[in-house]
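Notes to accompany the following structure.
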Amino acid sequence: VYNRQQSIGKGKSTVYKDGNRAGRDIDYAENVAEDNKILMEFKELYPNCKILVACEEDLTNDGCKDLVLVFNNPDKDEYSGYTQLTDGGYIRLAVMIDSGDGENYECSVPVPAPVENQRIKFQNIDEQEEIEFILQGQKGAKVGYGIFRVMEGEPISLFDQGFEEC
């Protein structure tokens, strides 16, 4: 919801009611419901984690939904030595990939993710079969994003900007 538009040269900039940002709304993916089947399987694997973002899309172009998750995990992992402890845990990104039957899922190895304000957008950037996802987030005033594609069951960063600072 915007408050007013200001002309800047030939273009327009939208100024939002909160006065903190200008630009256009980004169509971020919505979180799945708490009783989502794939989310429930993830919670069995990581019962102590707190889910921050969980968004569903067919990432592998097999006709079955997969799940992208950002979560706070209290358990240490290989990245814990150089990532920030936040609210008693480590912020991680993982994907639950459907095996192709709509019933069985494999979880990727969790990797570091931005510690605050995580948002996911699905977009077929290269117009190939698989769809990519963009993970945006921040740490304090530092904002970053990464563009990922799932390859061999793991989220692979194709490009990022300021991601490691978040």
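The values are calculated or read from the model by the stated rules, or taken from the named source; none is laboratory data. On a predicted model such as this, the values are computed, not experimentally measured, just so you know. Please note: Cβ atoms are built from the backbone with ideal geometry, for glycine as well, and neighbour counts cover all protein chains shown.
Kindly check whether there is at least one residue in the stretch 110-117 that is surrounded by fewer than 18 Cβ atoms within 10 Å (Cβ to Cβ) and small (Gly, Ala, Ser). No, that holds for no residue. Residues in the stretch 35-45: is at least one farther than 23 Å from ASN104 by Cβ and surrounded by 13 or more Cβ atoms within 10 Å (Cβ to Cβ)? No, there is no match, as no residue in the stretch 35-45 is farther than 23 Å from ASN104 by Cβ and surrounded by 13 or more Cβ atoms within 10 Å (Cβ to Cβ). For the stretch 136-166, taking the residues that are in contact (Cβ under 8 Å) with a residue 12 or more places away in the chain and of a type in the set (Gly, Ala, Ser), the one that is nearest to SER108 (Cα to Cα) is identified as GLY153.
Taking the conditions (1) farther than 17 Å from GLU165 by Cβ; (2) modelled with pLDDT of 95 or more; (3) surrounded by 19 or more Cβ atoms within 10 Å (Cβ to Cβ) in turn, GLY137 satisfies each one other than (1).
Within the stretch 49-85, the residues that satisfy the criterion of being assigned to a loop (DSSP other than H, G, I, E, B) and among the β-branched types (Val, Ile, Thr) are THR60, THR83.
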